[in-house]
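What follows is a set of notes on a single structure, which appears directly below.
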Amino acid sequence: MTITDIIDYVRGLGGVLVLSPAEGSAHPEISWGDTFFYYAPDGEVPTTTQPFATIVTKNYPGDELSRLDRPGAYRVNIAAGTQALRDHTTAGTDPSVPDTVHAHPLYAAAGWLAVVDPAERTADTLRELLRTAHERARQRYERRA
């Protein structure tokens, strides 16, 4: 799966705002080149919630275990919830192994999962997790409305 494949898939779930900060934008430089997915049917970046999924293309400070400093490496992060975390991960796995569903190196306790360089083995599971995260975000949005 390419980054474009993932962005197109998530955009097709409906009500999704895709934020892709670029060089020179008003967003923090560390975010340039990454992608953030919000459930925002009004098209406005929510101020009271986090994205339900992200694609990061580099290591962030304190988050180097996925080894995104390798050429072309990226990680999809998904807030699919603690049940999905239990259903799809195994404790103690190396979070830098590509095409494997892992507990997010920093945010697993909040129900976040991660896939480095998703490909054929994780494609269906990744889509399922993204649908779950989207649905959870939609439900939160509707409760707050």
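Annotations
- DSSP beta bridges fully contained in segment 53-143 are about 95 percent antiparallel.
- The protection proxy used here, the mean number of other Cβ atoms lying within 10 Å of each residue, ranks peptides 50-61, 73-84 as follows, highest first: 73-84, 50-61.
- The GluC sites (Glu not before Pro) of segment 22-62 that meet both conditions, a loop assignment by DSSP and at most 10 other Cβ atoms within 10 Å of the site Cβ, are 23, 44.
- Segment 103-136: GluC sites (Glu not before Pro) in DSSP loop, at most 15 other beta carbons within 10 Å: 120
- Separation of segment 50-114 and segment 129-145, taken as the distance between their Cα centroids, equals 20 angstrom.
- Cα gyration tensor, segment 1-78 - rounded (a/c under 1.5), prolate or oblate: prolate
- Cα pair distances in the chain, grouped into 10 Å bins until the bin that holds the longest one, percent each: 12, 44, 36, 8, 0
- Amide H contacts of residue 104 (H built 1.01 Å from N, under 5 Å, at least 5 apart or other chain): 112, 113, 114
- Each Cα pair under 8 Å and six or more residues apart adds its separation to the average, and for the chain the resulting relative contact order is 20 percent.
A short reminder: the numbers here are calculations on the coordinates, not readings from a lab. Quantities reported herein were computed from a predicted structural model and do not represent experimental measurements. When we count neighbours, we look across all protein chains shown, and the Cβ atoms used for this are built from the backbone with ideal geometry, even at glycine.
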